[in-house]
1. What residue, of ASN87, ASN35, ASN57, ASN73, is closer than 30 Å to PHE326 by Cα and polar (S, T, N, Q)?
2. Quick check on region 347-376: of everything there that is open to solvent by less than 50 Å² (accessible area, probe 1.4 Å) and of a type outside the set (A, V, I, L, M, F, W, C), which residue is farthest from ILE178 (Cα to Cα)?
3. Using the structure shown, decide if ALA283 is at pLDDT 95 or above, open to solvent by less than 20 Å² (accessible area, probe 1.4 Å), part of a helix (DSSP H, G or I) and not charged (D, E, K, R).
4. Would you check which residues across region 286-314 are touching a helix residue (DSSP H, G or I) at 6+ places or on another chain (Cβ under 6 Å) and part of a helix (DSSP H, G or I) and list them?
5. Using beta carbons and a limit of 7 Å, which pairs, at least six apart or on different chains, have the first residue in region 27-44 and free of Cβ contacts under 8 Å to residues at least 24 places away in the same chain and the second one open to solvent by less than 40 Å² (accessible area, probe 1.4 Å)?
6. Does GLN253 meet the test of being touching a strand residue (DSSP E or B) at 6+ places or on another chain (Cβ under 7 Å) and surrounded by fewer than 18 Cβ atoms within 10 Å (Cβ to Cβ)?
7. Give the residues of region 338-350 that are without any contact (Cβ under 8 Å) to a residue 60 or more places away in the chain and among the charged types (D, E, K, R), sorted by residue number.
8. Can you confirm whether LYS276 is more than 20 Å from the chain's Cα centre (by Cα), surrounded by fewer than 21 Cβ atoms within 10 Å (Cβ to Cβ) and of a type in the set (D, E, K, R)?
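The values are calculated or read from the model by the stated rules, or taken from the named source; none is laboratory data. Values in this document were obtained by computation on a predicted structure and should not be read as measured data. No Cβ is skipped: glycine too gets one built from the backbone with ideal geometry, and neighbour counts run over all protein chains shown. The accessibility values were calculated without ligands, DNA or RNA, using every heavy atom of the protein model including side chains. Shrake-Rupley method; radii C 1.70, N 1.55, O 1.52, S 1.80 Å.
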Amino acid sequence: MKIGTGSLGGKARGLAFAGDKLKKSSIYKKYSNVNIRVPNVTVIATDEFDQFMAKNNLWNIALKESDNNKLLNYFLDAKLNKKLIRNIKDLIKNINYPIAIRSSSLSEDSQYQSLSGMYSTFMLPNNSKSLEERVGQVCEAIKRIYASTFFVEPKSLIDKISQRMEEEKMAIIIMEMIGQEHNNRFYPTFSGVAQSYNYYPTSYVKRKDGVAYVALGLGKTVVDGEKSIRFCPKYPSLIHQFYSIKSTIDTSQHQFYALNTSDKNPMKKGENKNLKQYDLSVAENDGELKFIGSVIPNNENVIRDSLSYKGTRIVSFSQILKWDSFPLANLLNDLLKLGKDSLGCPVEFEFAVNLYKDENDDLMADFCILQMKPML
């Protein structure tokens, strides 16, 4: 859905593009046990940003202020359009799941001048009994993202790519978060990033074969470059980082990120501070580690692809990448080909997956594309 007029911005445009291409493809028929989709998304278009800046007389301050904290305070004191607030209220009262408030500027995810990762993102539990409180949190997140448009780092980067700061405009994405609730923790079984071009191939893997990174829980683990599994979708069982037991323990993931849904004031601590890290034992108790975990048993120098042993737990993805319990590699290959053929250039996309068993004990999946863009 779209609120207001003007551009969707780069990130939202990529999501709309991905959704359209998925609907026209035959991938759905190939993977009958997988619900492949783009999350529910509402975009606040760039004209709302223009009105916000003009009515609050913020352009002069935004272009000249070099202190991020002072700039943020100016934006937090400013007022959003009353009609926009009403639209947000109508939206939020019909949503009962956690949401991510994300930036979607004109320059984000463009092929040659990407500003991806420069702007703020806020993840909200959206579970307060007070509708006004939930709406207030969304409005504050929007103003914080608007302010981040003019923070020092984005300004410097825009200056380097010979673009006028006055030409940058910000749309806002209100996106459904993908995951499942476990005792005030919300997270997917795993998240990842897939790229159709591999800059650092190993062994017999070729650059055009692509590469993927996957990790238990929210995608912050992968995006921030923390420990994750790196593999080529064409050769999924080839995991070079697991060349020895010691290397497996050293390079595998030991913690994961989840949204703390018990935080009653998620905006108070700022961006991403409402995400918490948990040990693998928590994911095992939640029933999520069983899909992607293995064990190095005590006094044994082998990896067992079952959690029924006592020993060191690791995130191996062996059941998926080695035994093909879920067709992740084939699905990534098909989606990368679809994206590359559609855009005419190498692509990358972020995704999140919920795995679960149906009433017949068959493994089912909810596979969501969170972002699609050209590779730089």
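1. ASN35
2. If we take residues in region 347-376 being open to solvent by less than 50 Å² (accessible area, probe 1.4 Å) and of a type outside the set (A, V, I, L, M, F, W, C), then PRO374 is farthest from ILE178 (Cα to Cα).
3. It is true that ALA283 is at pLDDT 95 or above, open to solvent by less than 20 Å² (accessible area, probe 1.4 Å), part of a helix (DSSP H, G or I) and not charged (D, E, K, R).
4. LEU289
5. Pairs found: TYR28/ILE36.
6. For GLN253, the condition - touching a strand residue (DSSP E or B) at 6+ places or on another chain (Cβ under 7 Å) and surrounded by fewer than 18 Cβ atoms within 10 Å (Cβ to Cβ) - is not met.
7. Of everything in region 338-350, just one residue is without any contact (Cβ under 8 Å) to a residue 60 or more places away in the chain and among the charged types (D, E, K, R), namely ASP341.
8. Spelling it out, it is not the case that LYS276 is more than 20 Å from the chain's Cα centre (by Cα), surrounded by fewer than 21 Cβ atoms within 10 Å (Cβ to Cβ) and of a type in the set (D, E, K, R).
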